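What follows draws every value from the coordinates through simple rules; no lab data is involved. Everything quoted here is computed from the prediction, not taken from an experiment. Cβ sites come from the backbone with ideal geometry, for glycine too, and all protein chains shown count toward neighbours.
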Amino acid sequence: MAAMAKVVQLTLEGMGFELVDARASGGGRQLSIFIDRPAGSGPGITVDDCAEVSRQLSRVLEVEGIDYDRLEVSSPGLDRPLCKPADFTRFAGSKVDVKMRTRDESGRKRFTGLLRGEAGGVATLEVEGREVALKLDEIVRARLVPDLQAKGKR
């Protein structure tokens, strides 16, 4: 999986895209690739972008000898996962939902709040009026919380 993700990442970077996440399921037979544009490099992902990346990855994966039955390329969606430390910096100011591996001193494993940023492997969130520091290596899952009401207001 790591070798496949590296090949995908290098291919996407050459095409001007960013790898958000790569997953294999069905015993590695189905590959799901989630792409985005690097911060500040234009609008979101289109269906044409996904088709272009899918065509290119199909060729590259064949040349690299990576065997699979199905390749799926899509945008990360409104509830985009935060996977890399840079994601926690890029999306500072956004509402996020974070699930931790272990409970904190109050017994809590899940935090929803305003992401303040990341420094030294620690993400800072404002949760219920207080700042909470969460170690990135203890995070099981972190996602943006879509603000659907803000999209409809003009």
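Just check the chain against the gyration tensor rule for me: Cα atoms, a ≥ b ≥ c as the square roots of the eigenvalues, rounded for a/c under 1.5, and otherwise prolate or oblate depending on whether a/b exceeds b/c. Cα axes put the chain in the prolate bin. Applying D = kT/(6 pi eta Rh) to the range 1-45, where Rh is the Kirkwood radius over alpha-carbon pairs, T corresponds to 4 °C and eta to 1.567 mPa s, the Stokes-Einstein value obtained is 116 µm²/s. Sorted into 10 angstrom bins from 0, the C-alpha pair distances of the range 85-149 split as 23, 60, 16, 1 percent.
Taking Cα atoms only, the orientation of helix 2-15 departs from the longest principal axis of the chain by about 80 degrees. Give me the distance between the Cα centres of the range 1-59 and the range 66-95, rounded to whole Å. After rounding, the separation between the Cα centres reads 10 Å. For the chain, lysine pairs separated by 8 or more sequence positions, or belonging to different chains, with Cα-Cα distances below 28 Å total 16.
Sorting L71, L82, L148 from the fewest to the most surrounding beta carbons within 10 angstrom yields L148, L71, L82. Each stretch of four or more DSSP H residues adds -39500 (n - 2.57); spread over every residue of the chain, this sum gives -8000 deg cm²/dmol at 222 nm.
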